[in-house]
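Remarks on the structure that follows.
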Amino acid sequence: MQCSKSDACKTMRGVKRTTRAAHALPVASKYFLCALLALASVFFSCSKKSDDVIQFDNSEPLALAPDVTWAVVLDPYAAYRDTTSWDSRVVSYCRKGDILQVTGSATIKGSGTWYKFNSGWLPESAVRLYDNRFRAETAAKQLVE
């Protein structure tokens, strides 16, 4: 017995079989469901949580500059020197935990490495260097506590 392709049900050897066309969703319904799932996933994955707000401090424009080095003062009181020598004149002072931008450096035979800051020179033993201001701030907070 032969049935036409448009019949929803076919009988072969006494077994009733259903063709795919009878239970298949129309193509438009498939696209609608896919679009609905995509929209739902975007909506739920992009919902903003109030406690996950990240604050960015841009008060220091060079804080993340790749070619700028920052230093944290380690000594309770450190004396800025006029030149890279322990015998040179003291021009100013800084305190433990101060964060400074390094403007230069020099290695002097016999007295080690010195770092230049806006107020003068400090020896390597008085500071610790960091590659960005935010790391220096974190270190300074831990140092002062």
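The values are calculated or read from the model by the stated rules, or taken from the named source; none is laboratory data. All figures in this text were calculated on a predicted structure; none of them were measured in a lab. Because the Cβ atoms are built from the backbone with ideal geometry, glycine has one as well, and the counts that use them run over all protein chains shown. For accessibility, only protein heavy atoms count, side chains too; no ligands or nucleic acids. Shrake-Rupley method; radii C 1.70, N 1.55, O 1.52, S 1.80 Å.
For this structure, a couple of remarks:
- The set of residues from region 60-81 being exposed (fewer than 13 other Cβ atoms within 10 Å of the Cβ) and modelled with pLDDT of 90 or more comprises P76, Y77.
- Residues (charged (D, E, K, R) and over 16 Å from P76 (Cβ atoms)) located in region 89-128: R89, K109, K116, E124
- Looking only at residues of region 98-145 that are basic (K, R) and over 26 Å from the mean Cα position of the chain (by Cα), we find that the one that is least open to solvent (accessible area, probe 1.4 Å) is K116.
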